[in-house]
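What follows is a single structure, written as structure tokens, with notes after it.
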Amino acid sequence: MSETPEKSKGIPLGSFFGVPVSLAWSWFIITGFIVWVFGPQVARAIPSIGNGAYLVAFVYAVLLALSVLVHELAHALTAKAFNWPGARIELNLWGGHTQFSSFNATPGKSLAVSMAGPAANFVIAGVGYVLLQLVDPVNPVVNLLWGILVWANLLVAIFNVLPGLPLDGGRLVESAVWKATGSQDRGTIAAGWAGRVLVVLIVGYFVITPLTRNQPMDLQLILVAIFIGGFMWVGASQGIAHARLRLRLPLVTVHTLMEPATALPVNSSLADVTRRINGRGGRVILIDAAGNPHGVIDEASLTQVPDELLATTPGLSAARALSPGAIVSASADGRALIGYLATLQGSEYAVIDEQNRIIGLLEQQAIVAAITGKARRDHGQ
């Protein structure tokens, strides 16, 4: 994929090794936070620097973004080695993430792609530490930035291998459960719950530890812990929710979710429609000579027409229009069905059998209810 990101989604930074990279507007929020927190620390470490401390803090934010870029490129390039197409990188409020248009994963491949990111940070930290010992910069600003960048990459690497979503280490849990159960989605749910446990442990540590030791709480440290914990909780919860939806996809079959229906010519009268409903039951779909559905009879509207007018009133007058091409096979199911319906307009679809005869009506609400497990609401009349 090489489409240019929309302006509203951020700033395009070009491609690196064939992988498009963009900078989300939310990145400036985390950059401001880093400058606010790190600037005073620079001023205390180098008193003579004055207000330049905040410029140094901004440079640190940029260097951290470059480290995140290397981290995400490691993900993307490892994925490209497995022929996963459409890799895109976005640097944002939470650091960054890599998206793929589609991929054929296995537990091993998924784990390799995930662990490539932390591995890159470990390499940056290791090489940076060795060079720092060899060069030993005299300039205090360079020395400070170099040292903090080494430690930041080390901490990012260690943090990301913690076993819980949305961290890269969550794929360790996911892959293990996936391998054991044969279900990636069950692995994702397990990794999501592991991520929630990590949030409780991380936030609890920074809040409870000072209390047990009779020490004053560090407000900035607690804010950072809550910030990171909130990000992790949301990511873990989203992973669990999406996996649960995917587990319910096998329940999405046209044949079981459709309402029975029969077809009548589009020029039928309401009297014809009434006789069909009374004789066969089910829904009535009006079709043209080529078999294309034009509308489904709205029974509530039908009851409002006086009996003496049924024979002279066109059936279309009591029909809800169906979108062009709103036809689905009775044998369709699962992800293929969801993907196909996403290409269609409207929320109701005529169902056909192998002989292209209309046998049912499928409503979008029935699909949503099957996926989410929530009760279906009656169609608004």
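The values are calculated or read from the model by the stated rules, or taken from the named source; none is laboratory data. All values reported here derive from a predicted model rather than from experimental measurement. Heads up, the Cβs are rebuilt from the backbone with ideal geometry, glycines too, and the neighbour counts pull from every protein chain shown.
With respect to GLY39, is the statement that it is farther than 26 Å from ILE89 by Cβ and in contact with a Phe, Trp or Tyr (Cβ under 6 Å, 6 or more places away or on another chain) true? It is true that GLY39 is farther than 26 Å from ILE89 by Cβ and in contact with a Phe, Trp or Tyr (Cβ under 6 Å, 6 or more places away or on another chain). Here THR209, THR188 are screened, and the one residue that is of a type in the set (Ser, Thr, Tyr), within 24 Å of MET232 (Cβ to Cβ) and either outside the structural domain of GLY50 (by TED's automatic domain parsing) or under 20 Å from the mean Cα position of the chain (by Cα) (or both) is THR188. Exactly one residue out of ILE189, ILE208, ILE228 is among the β-branched types (Val, Ile, Thr), touching a helix residue (DSSP H, G or I) at 6+ places or on another chain (Cβ under 6 Å), assigned to a helix (DSSP H, G or I) and over 30 Å from PRO314 (Cα atoms), and it is ILE189. Among the candidates ALA74, ALA65, the residue that is assigned to a helix (DSSP H, G or I), touching a strand residue (DSSP E or B) at 6+ places or on another chain (Cβ under 6 Å) and not β-branched (Val, Ile, Thr) is uniquely ALA65.
Being farther than 21 Å from VAL234 by Cα, surrounded by 18 or more Cβ atoms within 10 Å (Cβ to Cβ) and polar (S, T, N, Q) narrows it down to one residue among ASN143, ASN121, ASN139; which is it?
On the way: ASN143 fails: surrounded by 18 or more Cβ atoms within 10 Å (Cβ to Cβ); ASN139 fails: surrounded by 18 or more Cβ atoms within 10 Å (Cβ to Cβ).
Selected residue: ASN121, the only one of ASN143, ASN121, ASN139 that is farther than 21 Å from VAL234 by Cα, surrounded by 18 or more Cβ atoms within 10 Å (Cβ to Cβ) and polar (S, T, N, Q).
Taking the condition hydrophobic (A, V, I, L, M, F, W, C), assigned to a helix (DSSP H, G or I) and surrounded by fewer than 20 Cβ atoms within 10 Å (Cβ to Cβ), does ALA79 pass?
Values: hydrophobic (A, V, I, L, M, F, W, C): yes; assigned to a helix (DSSP H, G or I): yes; surrounded by fewer than 20 Cβ atoms within 10 Å (Cβ to Cβ): no.
Answer is no for this residue.
Within segment 82-136, the residues that satisfy the criterion of being of a type outside the set (A, V, I, L, M), part of a helix (DSSP H, G or I) and more than 22 Å from THR31 (Cα to Cα) are PRO107, GLY108, LYS109, SER110, SER114, PHE122, GLY126, GLY128, TYR129, GLN133.
Given the criteria assigned by TED's automatic domain parsing to the domain that holds LEU145 and modelled with pLDDT under 90, does PHE17 qualify? Spell out how you get there, then give the answer.
Details: assigned by TED's automatic domain parsing to the domain that holds LEU145: yes; modelled with pLDDT under 90: no.
Here the answer is no, as PHE17 does not meet what is asked.
Take segment 164-186 and flag every residue that is part of a helix (DSSP H, G or I), over 25 Å from VAL224 (Cβ atoms) and not aliphatic (A, V, I, L, M). Matches in segment 164-186: GLU174, SER175, TRP178, LYS179, THR181, GLN184, ASP185, ARG186. Give the residues of segment 85-104 that are under 16 Å from ARG171 (Cβ atoms) and buried (at least 20 other Cβ atoms within 10 Å of the Cβ), sorted by residue number. Residue satisfying the conditions is THR98 alone. Only residues that are touching a residue at least 60 places away in the same chain (Cβ under 8 Å) and of a type in the set (Asp, Glu) were counted across segment 122-152, and they come to 0. Here VAL135 qualifies as at pLDDT below 95 and aliphatic (A, V, I, L, M). Against the conditions (1) in contact with a helix residue (DSSP H, G or I) (Cβ under 9 Å, 6 or more places away or on another chain); (2) at pLDDT 95 or above, ALA370 satisfies every one except (2).
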